[in-house]
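Report on the following structure.
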Amino acid sequence: MIPAEFNYEVADSVDHALSLLAGYGPEAKLLAGGHSLIPMMKLRFARPSALVDIGRIAALSYVEQDDGHIRIGAGTRHHDVHHSPLIEAGCPLLSFTAGLIGDPQVRHKGTIGGSVAHGDPASDLPTVLLALDAEFVLTGSGGATRVVPASDFFKGFFETAIGPEEILTEIRVPKLGASSGWSYLKFSRRAQDWAIVGVAAIVERSNGGIGSARVALTNMGATPLRASSVEQALAGAERDAIPAAAAMAPEGTSPTSDTNAGANYRRHLADVLVGRAVEEALGGP
Amino acid sequence: MTTLSRTVGAPVNRVEGKAKVTGEARYAAEFPLTRLAYGWVVQATIARGRVLSVEEEAGMRMPGVLAVITHGNAPRLQVVDDGELLVLQDEQVHYRGQTVALVVASTLEQARAAADALRVSYAAEPHDVLLSADHPRLYAPDHVNPNYPTDTLTGDVEAGMARAEVTVDETYSTPAEHNNPMEPHSSTAQWDGDRLTVYDSNQGATRVHQQLAQVFGLDRSTVRVLSEHVGGGFGSKGSARPQTVLAAMAARMLDRPVRVTLSRQQQFSMVGYRTPTIQRVRLGADRSGRLAALDHEVFEQTSTLYEFAEQTALFSRVMYATPNLRTRHRLVALDVPTPRWMRAPGEAPGSFALESAMDELAEACAVDPIELRVRNDAAVEPEGGRPFSSRNLVACLSEGASRFGWADRDPRPATRRDGRWLIGTGVAASTYPARSAPSTASVSAEANGAFVVRVTAADIGTGARTALTQVAADELGVPLERVDVRIGDSDYGPAMIAGGSMGMASWSWAVVKACRQLRADIDEHGGVPDGGLVARADTADDIAAQANLARHGFGAQFAEVRVDVDTGEIRVPRLLGVFAVGRIINAKTARSQLIGGMTWGLSMALFEESVMDAEFGDYLNHDLAGYHVAANADVQGIDVSWLDEHDDQLNPLGVKGIGEIGIVGTAAAIANAVYHATGHRQRHLPIRPDRVLSP
Ligand SMILES: Cc1cc2nc3c(=O)[nH]c(=O)nc-3n(C[C@H](O)[C@H](O)[C@H](O)COP(=O)(O)OP(=O)(O)OC[C@H]3O[C@@H](n4cnc5c(N)ncnc54)[C@H](O)[C@@H]3O)c2cc1C
C-alpha cells in the first residue's frame, strides 16, 4: 500500500494553491483530507505527479450564514459539519448525514469539499447537497469565481464541473424552513461501510399532506441522481400516494452490479428506501 | 504426588499483555538486523501458462536494487511435496498471483518500486478456475486432510433412503473465504555459513524449521526458526508459506539478511484460503425423525501445485446415529492458489450443510430441532463404531435451550413480527476433534528459585503462553510469577503446531510431564542443587499408547435473528454457544477463543465471500475494503458458556481444545433462524440481503 512517486507542496492560500496547480499542470491534484485520494494512490488507481495540499488553509474551513443560506468552506471537516450548531439549526439533514460517513477517523480528516469534488456516486454528502439544491463556488485563476448549481455539477463517474485550474471553495446550502421534513437513509451490508444505496428526502408539508418533495439517490448511477418521477408523483399528494411514488424510484437510474449487490437488488432497495425516507420526512400521521 | 490446582481454570490475564500494548513484544517483521535487505514478491498476472522472460537487467538498474531473482537464476531447491514452497524453480505459472520473481533492494520502498516496474512476459494458456459439481476432472483424492479416508460407507444408504418415511435431499454451498490474520505473513532470514536463522510469523516453529531444512537440504540442527509473538494465523500460517523460502533463498544469494513481508492483497493469493464447497446432503428418517440414512457428498477444489482436500464431510461421520451412513469427497485441481486450512477446516463448511439439513428434517417430521438431535444422539461414533471418550452434546443442547429460552418456541416460520422486522430463532450442533500430537518440553529449576519452561508452542493471540504458565505453576506448586514460559523457538525441540485445536492438549501434556519429572528430580536431590536442574519430556510414547477412542468436543449454537421484511437486512441480536470441551485452563482467554470463533461464524454466515473473477482467474475482492469481515457494530450479544466436563481419556489435564469449535455450527444456527424468521431456506453462504428476498 505504497503510492507511486509524487511531488508534494503545501499551499497557504487559495491563490497560492492555484498558482502551484498552474505550475505543475494537469497531472497535479489538490489534496484536502486525503481520505479518498490517498487510498486511490495507494492502490495506484491514481498517480498524480504532484499533490497541492489545501488541507491546511484555515480560511477554507468555516460555517457562516446569511438570511437564506448556510455557507460552508470547502475545507470544513465532516466532523465539524456534523457538529456545527448553525448547520444543525438551518439544515439538519446535512449535519445528520455527515455523521454517517465512515468512522470517526474518516470524519476528522475528510472534508465536505473533497467529498463533493471527488464525484464518487457512493458518497453521501453529494446526494444530500443535490437534494438540497446547493450551489458550489469555484475559484479560478486571478480569484475569479463562478457558481454552479448542484443540478449542473455532477457530470459523471468521478467527474464534476470543476475545471483543471479551479478550486471548490464554498458550498452554499439554502436553509430548510419550519415546514420542511427530511430524511437520509443509508443502507450498507456491514456496519460503517459505504452505502449500497442511499436516499435523501426533503418534504414540504402542507396540511398533513405533501406540498412538494425533493428526493435524491446515492449509488444508483454514475452520479448522485434526483428521482424526478418520484418528486412529480408526490407533488401535492397525500400520504397514501407514497408507495406508488416510491415504486418509480428506479426510473432513470443505472445502478451497477458488484460484489455487494446486484443492480436489481439496488433498484428494489431504491424503491423501499425512498418510501421509508419520504414517510420519515413527512413525519407521523 | 499431589497437584496443587490453584490457577488452572482461573481467568488469568495474558502474561505478555503489557509487552504487547507497549510495543515491546516483537513480531516477525520487527527485528532490526544490520544490512537488512527487503524482498518484494512479483506475482503472475496470468492464471496459467509460462513465463517467457523477465527483464532482470532493467530491474537491476532501478535505485537500490540488489537482486532480481527469477527461475533463471534461483538456486535449485530439494523437491518437497508442498509445491507452493518450490518457488522460482521453473517457468510454469499455476495460478494468478504465484511468485514469478523476487526483487531485493536496500529499502522496502525501492524493492516495491522496482518490482512494480519489472516487466515480465508470458505465454498464457486458457485457465479453468470455476468449481462445479459436474466438473469433468473431479476425482477422489487418496485421503482428505490431514489423513482421513476420502469416502466411508456403513450399511446401505440407498436401501435406507428407500425405506425412509421422510426424506431431505438438498444441495448447500459455501464460497471461498480468506483467513486474513491481522499480522501479515513475514519472514526475515539470516545465514551464518550453513546455519540459517529465520524470524517468522507462523503457527509452529518446529514444522517451519523442518520444511526449511528439507527444502534447502540442511541438517535440521542448523536451522533455527523464531516466532515469539504471532498476530493470528487461523490456519494460514500452519506450515511454511512461500515468503519464508524466498527470504532464505535471497539471504543466501546476497549473503545478508533479507526480509519478505506480504501485503494484504498478496495474502489473498499466496497463503491459503478455505475452498468453496458444494455439498449434497440426503437424509432419510422415520416419522419420529430417527435417521435411517445419511449421505453427505462434497465437491471442492485444490490447485495444480499441491493437493489439499478439505475434510468437509468429516462432521457427518461423528454427529448422528444411523445404520446407513455414506460420506464422499470429490476434488478438482483448478488453476487457482492452493486452498489450505482455515479455522475448523472441514467442520466449518460441513456443519453448515448437515445442520441446515437437520433443521429441514425437523420441520418435515414436525419434531422440535433440539428433540430431533437428541433422538439421533450417537452412543458410539457413527462411522467406525468406536466408543466416545466423552460426548455431551445432549447436555449442551439442553443447557443451551434453558439459557436461550427455547422452551416456548413456536416452530412455524414467518409468524413473528416487530414492525418491519421478522424475528426467528435457530439452533445447530457443533463438534470438533480432540486430538493430541507428540511434543517435547523442558523445564529447569534455576538456582534463584525461578522455573523456566521451554516448549516450541506458538501463541498466535490465543493466550497459549499464559495457559501454559498456569499449567506449569500448578504442576510445580509455585505461584505464576515464578514461572517463565518461553515459546516459539525451534531450538526448544519438536512440538505440535497451534492448529487443529491440538496445541494446548499437546503442549500441556509435555509440560505437565516435564514438571512432574522435575519435581521428582528435586525430591531426589533433596532440593535444587546450585547448578539448577533440568527435566525433559517427550509425549510420543504416551500418545502412541492411548486407547483407540473417538475423542471430540461438542457444542450447541443458538441464534436469534431479525430480518427486515423489505430490504432483507439481517441483524443477529443474540448468539449463544454452550460447549463441552473438557477442562478449561484459562476462563478469560478461553471465552475469547469461543467468542472469536462464533463471531467468525456470524461473519461467515452473513459476509465473507471471495468472489472469483472467471475471466482473469483471480479473486475480485482482495483487500479488507472488498472482503467483508464483521465489524464491531455487526456483532451484538454473544453469550458463551461451557459444561464442567471431565474426560480422563484425553491427556493429563483433560483438555479438548477450543480454538475452532466456536465457528462450527454458527452459520447453520443463523441460517436456520433466518428460515424461522422468513420461511425462506438459505442453502448458500453468505446469506446476502438479496438472497433473503429472492430465495
Ligand atoms: C475508510 C473510509 C470510509 C469512508 N466512508 C465514507 C462513507 O461512508 N460515505 C462517504 O460519503 N464517504 C466516505 N469516505 C470518503 C470520505 O468522506 C472522504 O473524506 C471524502 O470523500 C473526500 O474528502 P477528502 O477531504 O478526504 O478529499 P481528498 O481525498 O483529499 O480529495 C478527493 C478528491 O477531491 C479533490 N479535491 C479535494 N478538495 C478539493 C477542492 N476544494 N477543490 C477541488 N478539488 C478538490 C482532490 O484533488 C481529489 O481528487 C470514506 C473514506 C474512507 C477512507
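The values are calculated or read from the model by the stated rules, or taken from the named source; none is laboratory data. On a predicted model such as this, the values are computed, not experimentally measured, just so you know. Note that each Cβ is placed from the backbone with ideal geometry, even for glycine, and that neighbours are counted across all protein chains shown. The protein model used for the area step is the full one, side chains on, heavy atoms only, and it has no ligands, DNA or RNA in it. Shrake-Rupley method; radii C 1.70, N 1.55, O 1.52, S 1.80 Å.
In whole Å, what three semi-axes, largest first, describe the equivalent ellipsoid of segment B:556-690 built from its Cα gyration tensor (square root of 5 times each eigenvalue)? Present the calculation step by step, with values, prior to reporting the outcome.
Values: eigenvalues 188, 73, 32 Å².
Taking √(5λ) for each Cα gyration eigenvalue gives 31, 19, 13 Å.
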Cα-based Rg (one decimal) and Dmax (whole number) for the protein assembly as shown, in Å?
30.9, 99
Please list, or write none, the lysines whose alpha carbon is within less than 23 Å of the alpha carbon of A:LYS109, excluding same-chain residues fewer than 8 places away.
A:LYS29, A:LYS42, A:LYS186
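What number do you get for chain A when its Cα radius of gyration is normalised by 2.2 N^0.38 Å, N = residues?
Normalised Rg, Cα atoms only: 1.00.
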Taking the dipole about the Cα centre of segment B:361-503, with the C-beta of Lys and Arg at +1 and of Asp and Glu at -1, give me whichever of B:TYR492, B:ALA445, B:ALA458 is farthest to the positive side.
B:ALA458
Which whole-angstrom value gives the distance between the alpha carbon centres of segment A:24-62 and segment A:242-285?
34 Å
Can you give the charge dipole size of segment A:58-174 about its Cα centre, rounded to the nearest 20 debye, using +1 on the beta carbon of Lys and Arg and -1 on the beta carbon of Asp and Glu?
200 debye
The protein assembly as shown, dipole about Cα centre (Lys/Arg Cβ +1, Asp/Glu Cβ -1), debye to the nearest 20
740 debye
Can you work out the base-10 log of I(q)/I(0) for segment A:58-174 at q = 0.22, 0.23 1/Å, using the Debye formula on its C-alpha atoms alone?
-1.32, -1.44
Between the helical axis of A:14-24 and the dominant principal axis of chain A, each derived from Cα atoms, what acute angle in degrees is found, rounded to the nearest 10?
70 degrees
Protein-protein interface of segment B:549-593, residues with accessible area decrease of at least 20 Å², isolated chain reference, 1.4 Å probe
B:ASP566, B:THR567, B:GLU569
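Counting only heavy atoms of the protein chains, get the accessible area per residue of chain A (1.4 Å probe) and round it to a whole Å² value. Walk me through the numbers before you get to the answer.
Working: 11780 Å² over 285 residues.
I get 41 Å² per residue for this part.
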Dipole check, segment B:58-205, charges on Cβ (K,R +1; D,E -1), about Cα centroid: among B:LEU196, B:GLY83, B:ALA113 the Cα furthest to the positive pole belongs to B:ALA113
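If you restrict to DSSP beta bridges whose two residues both lie in the protein assembly as shown, what percentage is antiparallel, to the nearest 5? Each step should come with its number before you reach the end.
Values: 132 of 169 bridges.
Antiparallel bridges make up about 80 percent of those DSSP assigns within the protein assembly as shown.
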Those lysines that a straight Cα-Cα span of less than 20 Å connects to B:LYS656, excepting residues fewer than 8 apart in one chain
B:LYS513, B:LYS588
Rounded, prolate or oblate, given the Cα gyration tensor of segment A:7-53, with a/c below 1.5 counting as rounded?
oblate
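Normalised by the residues of chain A, what does the relative contact order come to in percent, with Cα pairs under 8 Å and at least six apart?
Working: 658 pairs, mean separation 41.4, N = 285.
That works out to 15 percent.
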Along the charge dipole of the protein assembly as shown, which of A:MET248, B:ALA293, A:LEU30 sits closest to the positive end, that is, farthest toward it, with unit charges on the beta carbon of Lys, Arg, Asp and Glu (+1, +1, -1, -1)?
B:ALA293
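What's the longest piece of chain B with no exposed GluC sites (Glu not before Pro), counting a site as exposed if DSSP puts it in a loop and it has at most 16 other beta carbons within 10 Å? Mind dumping the intermediate values first?
Details: sites that count: B:GLU24, B:GLU55, B:GLU165, B:GLU446, B:GLU615.
That gives B:166-445 as the longest site-free run.
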Contact order normalised by length for chain B, with contacts defined as Cα pairs under 8 Å and 6 or more residues apart; what percent is it?
17 percent
Probe 1.4 Å, all protein chains in place: accessible area of B:SER501 in Å², nearest 10?
20 Å²
Work out from phi, with θ = phi - 60° and the Karplus expression 6.51 cos²θ - 1.76 cosθ + 1.60, the ³J(HN,Hα) of each residue of segment B:633-645, listed in order in whole Hz, and give x for Gly and Pro.
6, 7, 9, 10, x, 10, 10, 10, 8, 9, 7, 7, 9
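Over segment A:58-174, what is the relative contact order in whole percent, taking alpha-carbon pairs under 8 Å and six or more residues apart? All intermediate terms of the calculation are to be shown ahead of the outcome.
Details: 225 pairs, mean separation 32.1, N = 117.
Averaging sequence separation for qualifying contacts and normalising by length gives 27 percent for segment A:58-174.
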Report, for chain B, the % of DSSP beta bridges that are antiparallel, rounded to 5.
75 percent
Would you work out if segment B:464-524 is rounded, prolate or oblate? Take a ≥ b ≥ c from the square roots of the eigenvalues of the alpha-carbon gyration tensor; rounded if a/c is under 1.5, else prolate when a/b is larger than b/c, oblate otherwise.
prolate
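Given all pairs of different Cα atoms, what value in angstroms does the Kirkwood hydrodynamic radius of chain B take? Intermediate values should be presented prior to the final figure.
Details: mean 1/r = 0.0380 Å⁻¹.
Its Kirkwood hydrodynamic radius stands at 26.3 Å.
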When the Kirkwood hydrodynamic radius is evaluated over all pairs of different C-alpha atoms of segment B:23-138, what value in angstrom, to one decimal, is obtained?
16.0 Å
What is the spin-label model distance, in nm, from B:ALA25 to A:ILE38 if the labels are put 7 Å beyond Cα along the C-beta direction?
2.7 nm
Roughly how many Å² is the accessible area per residue of chain B, as a whole number, for a 1.4 Å probe?
35 Å²
Name the residues of segment A:242-285 whose accessible area falls by at least 20 Å² when all protein chains are present instead of the chain alone, probe 1.4 Å?
A:THR259, A:ASN260, A:TYR265, A:HIS268, A:VAL272, A:ARG276
Taking the convex hull of the Cα atoms, report for segment B:610-691 its projected area averaged over all directions, in nm².
9.5 nm²
Estimate for me the total accessible surface buried between chains B and A (protein heavy atoms, probe 1.4 Å, no ligands or nucleic acids), in Å² to the nearest 100.
2000 Å²
Roughly what angle does helix A:263-282 make with the longest principal axis of chain A, taking Cα atoms, 0 to 90 degrees, to the nearest 10?
70 degrees
I want to check the label-to-label distance for B:ALA366 and B:ASP255. Put each point 7 Å from Cα in the C-beta direction and report it in nm to one decimal.
8.5 nm
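Quick one: putting +1 on the C-beta of Lys and Arg, -1 on the C-beta of Asp and Glu, what dipole do you get for segment A:7-53 around its Cα centre, in Debye to the nearest 20? Don't skip to the answer; put the middle values down first.
Numbers: 4 positive and 5 negative charges, 76 e Å.
So the magnitude is around 360 debye.
Calculate what fraction, in whole %, of the accessible area of the protein assembly as shown sits on carbon and sulfur atoms when a 1.4 Å probe is rolled over the protein chains.
Numbers: 17930 of 36260 Å².
So the carbon and sulfur contribution to the accessible surface is 49 percent.
Using helices alone, I'd like the mean residue ellipticity at 222 nm for the protein assembly as shown: each DSSP H run of four-plus residues gives -39500 (n - 2.57), total over residue count, nearest 500.
Details: 29 runs with 273 residues, N = 980.
Computed ellipticity for the protein assembly as shown at 222 nm equals -8000 deg cm²/dmol.
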I want to check the label-to-label distance for B:ASN147 and B:GLU57. Put each point 7 Å from Cα in the C-beta direction and report it in nm to one decimal.
5.2 nm
